[in-house]
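Structure first, then comments.
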Amino acid sequence: MKDFIKFTFATITGLILTGIIVSILGTITILGILASSETRTKVKENSIMVLNLSGTITEQIHKDPLNLIFGNDYSNAGLNDILASIDKAKKHENIKGIYLKAGTLIASPATIQEIRNALLEFKKSGKFIISYGDAYTQGNYYLCSVADQMILNPQGSINWIGMASQPMFYKDLLDKIGIEMQVFKVGTYKSAVEPYISNSISEANREQISIFLNSIWNQILDGVSQSRAISKDSLNAYANQLITLSAPGNYISNGMIDTLLYQSDVKEYLQSILHIDLKESVNTLSLEDMINVEDITLPENKSNHSIAIYYAEGGIDDMTSVDEGISSQKMCRVLQKLGEDDDIKAVVLRVNSPGGSAFGSEQIWHQVMALKEKKPVVVSMGGYAASGGYYISCAANKIIAEPTTLTGSIGIFGMIPNMQNLLTKKLGIHIDAVKTNKFSDMGTVFRPFNPEERMHMQAEINRGYDLFITRCANGRNMSKEAIEKIAEGRVWTGEMAKELGLVDELGGLDKAIEIAAQEAQITDYRISSYPEPENFLMNLLYPQKEDYINSQMQETFGEFYPYIQFIRNVQKQDPIQTRIPFELNLNL
């Protein structure tokens with residue numbers, strides 16, 4: 001009995017001591033994370049910025065404590081951090097060049113184009129850019145073609161095959177499980193509903209996809225042709241010859257690559273460029289290091305003037321809380337505060353959204369109108385700013401887009417599932433109803449709409465479309481008839497949208513900030529970003545489990561994650577949507 005008590009006491013003591021040690025180590029880890037996030041990076045002489053072109057690029061990144069603590073290594077980068085870091089590297093005298101490491105990059109054509117333009121601006125400083133890839137994806141090759149020297153692994157390849165869009169269709173799957181999607185829409189080109197009611201691309205949708213794909217591809221050809229001194233005809237010929245499966249040596253002979261090296265030999269190559277001894281190490285700065293380099297790129301601010309950038313990224317909700325994407329309620333609240341802040345002289349809306357709830361889009365539009373009465377509002381479009389994304393943009397004083405931005409898609413649809421066959425024929429569940437009024441059970445998933453209900457629903461969709469057209473016409477100072485000719489849900493690239501009057505100028509976020517300053521008539525200003533990130537310590541104490549789960553799912557499913565995300569969120573969507581196809585599946 002004494003031995004049992006001694007053993008039990010020793011065990012309890014051990015557990016207590018272990019708990020204390022773990023708590024101490026945890027505290028040290030947390031303090032280390034906090035300290036590292038606040039430490040300024042010292043830039044040594046002869047340094048090189050290393051930009052890993054892998055993983056997913058979003059507009060901005062908010063660090064999730066759970067990912068940091070558990071060491072989630074899925075590569076995410078914020079476009080804002082990348083652009084700012086390239087600008088810092090251009091202006092810092094100790095940084096001699098940029099080394100691009102090409103991997104598997106998930107980013108829209110417009111995002112890639114904006115980074116590429118920043119690198120072209122960097123080259124004006126006279127500093128070098130070197131790129132290396134074990135294999136170049138098409139998007140990464142387009143981006144890296146700005147490099148002075150492009151290096152490929154001796155057994156590597158370049159994926160150069162042209163562009164395609166391969167949307168996924170679910171009609172037969174839904175038929176098999178007994179679900180009918182009841183669709184109401186306005187717009188010949190409003191194709192977001194096609195995957196649920198068809199097994200192939202409609203002729204109208206095929207036409208618009210073909211046009212904007214060729215527009216984007218032409219931008220890629222122009223960029224590569226100018227940087228690599230290869231004619232566009234030759235580049236198209238290489239794509240048609242399936243040069244992707246060519247021997248690596250052929251890439252040198254046709255001018256697509258400068259040299260073949262193994263990654264382990266690139267260090268020596270960089271040492272020769274820096275004119276340092278082979279025994280010396282190369283001073284490199286990662287993107288994380290560059291974020292913590294002191295920012296010397298902004299104008300000296302001798303006043304309290306500020307330009308606010310609000311990042312509106314993802315799908316638009318219907319004024320209810322959302323786990324990710326654009327919360328219209330939150331966005332309206334922040335825009336209202338920005339309007340009331342006298343130190344903020346202009347607001348740039350960075351819109352990267354395929355749209356979403358028609359109701360949520362209207363609420364944001366209303367708040368943008370109220371904000372515009374107090375100070376200039378300039379929209380900078382990212383990869384997408386279409387349908388609801390265009391709805392929330394059209395009221396701005398100026399709209400700036402990249403040539404490869406996907407925008408327009410001025411149209412509206414409603415989509416409500418009918419699960420009667422699933423319940424009765426597949427599962428043997430029968431539904432009955434007792435009603436007080438004629439339409440008391442309308443809109444449930446247990447039965448289809450009857451003809452009268454369909455008539456009323458289509459009338460509501462038509463009314464929403466007319467309102468959308470009106471908002472665009474008023475915002476762009478065009479007639480409703482002129483907007484209707486380019487609406488009907490049709491998607492345009494930024495390049496085409498400028499010709500049609502939907503966009504004012506072509507360019508990136510820096511261009512939008514410059515125009516916002518001109519509109520506000522200020523020269524000295526600082527930049528503030530919204531929505532502001534949550535306090536790191538508060539996130540640590542009250543972690544967002546959903547954020548961590550989403551990041552793990554993104555790491556697991558990769559390019560298929562958007563489809564998983566859509567299926568998870570479809571049941572929470574507003575039935576009336578202003579949205580382009582959720583995922584165009586471009587092979588970039």
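The values are calculated or read from the model by the stated rules, or taken from the named source; none is laboratory data. Just so it is clear, the model here is predicted, and its values are computed rather than measured. Counting neighbours? That spans all protein chains shown, and the Cβs are built from the backbone with ideal geometry, glycine included.
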Is it true that Ser387 is touching a Ser or Thr at 6+ places or on another chain (Cβ under 6 Å) and among the polar types (S, T, N, Q)? yes
So, Asp233, is that one under 26 Å from the mean Cα position of the chain (by Cα), within 19 Å of Gln138 (Cβ to Cβ), of a type in the set (Asp, Glu) and not in a loop (DSSP other than H, G, I, E, B) or not? no
Select from the stretch 163-185 the residues that are surrounded by fewer than 15 Cβ atoms within 10 Å (Cβ to Cβ) and not in a loop (DSSP other than H, G, I, E, B) and list them in ascending order. Asp172, Leu173, Asp175, Lys176, Ile177
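Out of curiosity, is Gln155 of a type in the set (S, T, N, Q), over 25 Å from Leu119 (Cα atoms), part of a helix (DSSP H, G or I) and touching a residue at least 24 places away in the same chain (Cβ under 8 Å)? If you could, list the steps in order and put the result at the bottom.
Working: of a type in the set (S, T, N, Q): yes; over 25 Å from Leu119 (Cα atoms): yes; part of a helix (DSSP H, G or I): no; touching a residue at least 24 places away in the same chain (Cβ under 8 Å): yes.
When the stated conditions are applied, Gln155 does not pass them.
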Among (1) over 18 Å from Pro109 (Cα atoms); (2) touching a residue at least 12 places away in the same chain (Cβ under 8 Å), the one test that Leu173 misses: (2)
Quick check on Ser85: is it more than 15 Å from Ser54 (Cβ to Cβ), modelled with pLDDT under 95 and crowded, with 22+ Cβ neighbours inside 10 Å? no
Residues that are more than 23 Å from Gly249 (Cβ to Cβ) and without any contact (Cβ under 8 Å) to a residue 60 or more places away in the chain: does the stretch 109-116 have at least one? yes
Residues located in the stretch 190-218, provided they are crowded, with 18+ Cβ neighbours inside 10 Å, in a helix (DSSP H, G or I) and either out of contact with any strand residue (DSSP E or B) (no Cβ under 8 Å at 6 or more places or on another chain) or β-branched (Val, Ile, Thr) (or both): Glu194, Pro195, Asn205, Ile209, Ile216, Trp217
Quick one: in the stretch 323-343, of everything that is outside any helix (DSSP H, G or I) and over 21 Å from Ile307 (Cβ atoms), which residue is modelled with the highest pLDDT? Ser327
Filtered residues of the stretch 247-262 (kept if touching a residue at least 24 places away in the same chain (Cβ under 8 Å) and among the polar types (S, T, N, Q)): Asn254, Thr259
Among the listed residues Lys426, Lys480, Lys375, which satisfies the condition of being crowded, with 16+ Cβ neighbours inside 10 Å and touching a helix residue (DSSP H, G or I) at 6+ places or on another chain (Cβ under 8 Å)? Lys375
Looking at the stretch 242-269, which of the residues that are under 32 Å from the mean Cα position of the chain (by Cα) and in a helix (DSSP H, G or I) is surrounded by the fewest Cβ atoms within 10 Å (Cβ to Cβ)? Leu245
Of (1) closer than 30 Å to Pro575 by Cβ; (2) polar (S, T, N, Q); (3) at pLDDT 90 or above, Gln271 satisfies every one except (1)
Of the residues in the stretch 344-367 that are among the aliphatic types (A, V, I, L, M) and within 24 Å of Asn462 (Cα to Cα), the one that is modelled with the lowest pLDDT is Ala358
Look through the stretch 349-371, keep the residues that are within 19 Å of the chain's Cα centre (by Cα) and touching a residue at least 60 places away in the same chain (Cβ under 8 Å), and return whichever of them is farthest from Arg490 (Cα to Cα). Arg350
Within the set of pairs 6+ apart or on separate chains, which have a first residue in the stretch 454-468 that is touching a residue at least 12 places away in the same chain (Cβ under 8 Å), a second that is surrounded by 14 or more Cβ atoms within 10 Å (Cβ to Cβ) and in a helix (DSSP H, G or I), and C-beta atoms under 7 Å apart? Gly464/Ala358; Phe468/Tyr391
